[in-house]
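A short write-up of the structure that comes next.
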Amino acid sequence: MNLPQGRFKAVNIKVINRRRTSFRSFFNQTATQVRGILIFKDFDSKKELFKIVARWNTTREPLTPDYKQVDVGLALTNPREVISPGEEATIPVAIKKEKNTSCYPFNNESYLHQDYSKPEWELADDKVIVSVQVKSAELELSPVDFLIINKKSLSQFSISVVKGGEK
């Protein structure tokens, strides 16, 4: 992303409400009031560093209509999503600015900070685990672990599911 503040790269994950077929289609259900929690952990010790409420890419950015100021009310709102069977929604997980060695978790609150970088959330290590917890009005899923690779260049900044973790 080329923004007025410079070049950035964001890593995202998809949340899919799988459509069931045949006799199992009876269990197809729209997921309502879906919210995500991102739990960041140290790669080596697996110790929890902090947790944040996820932002859905489909929700309105917390900016004023002219995109020149942050709407603080929206920035401090915990967004929720509706996902119909067979559809998906994405969650931004982290963002990195070109030539920075650290990356930062990303959600609505990030808009309140210069370069979307809340200082308390700085992730300087080259590997970080993020557990993604998805909850809806209908059910709560077990967390899925992802690995953030935070190498120096933007092209190497990536996220992938930890083996055996896709659900």
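Tabulated values for the structure
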| quantity | calculated |
| --- | --- |
| Matching residues, the stretch 53-76, being touching a strand residue (DSSP E or B) at 6+ places or on another chain (Cβ under 8 Å) and closer than 18 Å to THR90 by Cα | VAL53, ALA54, ARG55, TRP56, ASN57, THR58, THR59, PRO62 |
| Filter result for the condition that a residue is at pLDDT 95 or above and touching a Gly at 6+ places or on another chain (Cβ under 9 Å), over ILE52, ILE91, ILE95 | ILE91 |
| One residue from ILE37, ILE83 being within 21 Å of LYS127 (Cα to Cα) and not charged (D, E, K, R) | ILE37 |
| Some residue of the stretch 41-55 being β-branched (Val, Ile, Thr) and more than 22 Å from VAL162 (Cβ to Cβ) | no |
| Residue in the stretch 101-124 that is over 16 Å from LYS9 (Cβ atoms), of a type in the set (A, V, I, L, M) and assigned to a strand (DSSP E or B) present | no |
| Enumeration of residues in the stretch 149-165 that are modelled with pLDDT under 90 and either surrounded by 15 or more Cβ atoms within 10 Å (Cβ to Cβ) or in contact with a strand residue (DSSP E or B) (Cβ under 7 Å, 6 or more places away or on another chain) (or both) | GLY165 |
| Where a residue in the stretch 67-80 is over 15 Å from ILE37 (Cα atoms) and its partner, wherever it lies, is among the small types (Gly, Ala, Ser) and crowded, with 16+ Cβ neighbours inside 10 Å, with Cβ under 9 Å and at least six apart | ALA75/SER110 |
| Some residue of the stretch 20-39 being within 24 Å of ASN100 (Cα to Cα) and either under 16 Å from the mean Cα position of the chain (by Cα) or modelled with pLDDT of 95 or more (or both) | yes |
| The stretch 25-39: number of residues that are in contact (Cβ under 8 Å) with a residue 12 or more places away in the chain, hydrophobic (A, V, I, L, M, F, W, C) and farther than 14 Å from VAL162 by Cβ | 4 |
| Test for SER117: is it free of Cβ contacts under 8 Å to residues at least 40 places away in the same chain and either crowded, with 17+ Cβ neighbours inside 10 Å or under 16 Å from the mean Cα position of the chain (by Cα) (or both) | yes |
| Residues (buried (at least 17 other Cβ atoms within 10 Å of the Cβ) and over 13 Å from LYS46 (Cβ atoms)) located in the stretch 123-133 | LEU123, VAL132 |
| Residue tally, condition free of Cβ contacts under 8 Å to residues at least 12 places away in the same chain and surrounded by 12 or more Cβ atoms within 10 Å (Cβ to Cβ), over the stretch 134-148 | 0 |
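The values are calculated or read from the model by the stated rules, or taken from the named source; none is laboratory data. None of the values given here were measured: they were computed from a predicted structure. For neighbour counting, all protein chains shown are included, and Cβ atoms are generated from backbone atoms with ideal geometry for every residue, glycine included.
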